[in-house]
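Data block below; observations after.
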Amino acid sequence: MSELVQVGVSHACAPVGWRERLAIAGNAVGPVAARLLHSAEAREALVLATCSRVEAYAVGPEPGRIEHDL
């Protein structure tokens with residue numbers, strides 16, 4: 001059975017300094033998602049990056065490992 005795992009930071013929960021360190025440029029979103037697929041054994045991955053938040057979603061059989069790699 002697969003589970004959906006989501007982690008992220010936004011203006012509501014993280015100071016600007018954290019968000020700046022975690023920011024992902026638009027052209028890097030695809031490679032970051034691909035890296036997640038390989039490192040966490042996720043079956044699906046999506047990375048969302050805007051000016052005020054960064055979120056990563058992944059689906060896989062081992063949610064603990066996915067959370068660790070995220």
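The values are calculated or read from the model by the stated rules, or taken from the named source; none is laboratory data. Because the structure is predicted, anything quoted here is derived from the model rather than measured. With ideal geometry, Cβ positions are generated from the backbone for all residues, glycine too; neighbour counts draw on all protein chains shown. Side chains included, ligands, DNA and RNA excluded: accessible areas come from the protein's heavy atoms. Shrake-Rupley method; radii C 1.70, N 1.55, O 1.52, S 1.80 Å.
Restricting segment 1-24 to residues that are under 13 Å from the mean Cα position of the chain (by Cα) and among the small types (Gly, Ala, Ser), which is least open to solvent (accessible area, probe 1.4 Å)?
Ser10
Quick one: how many residues across segment 38-70 are open to solvent by 50 Å² or more (accessible area, probe 1.4 Å), in contact with an Asp or Glu (Cβ under 8 Å, 6 or more places away or on another chain) and assigned to a loop (DSSP other than H, G, I, E, B)?
Number satisfying all stated conditions: 3.
Take Arg35 and decide whether it is touching a residue at least 40 places away in the same chain (Cβ under 8 Å) and either open to solvent by 90 Å² or more (accessible area, probe 1.4 Å) or basic (Lys, Arg) (or both).
No; evaluated as a whole, the condition is false for this residue.
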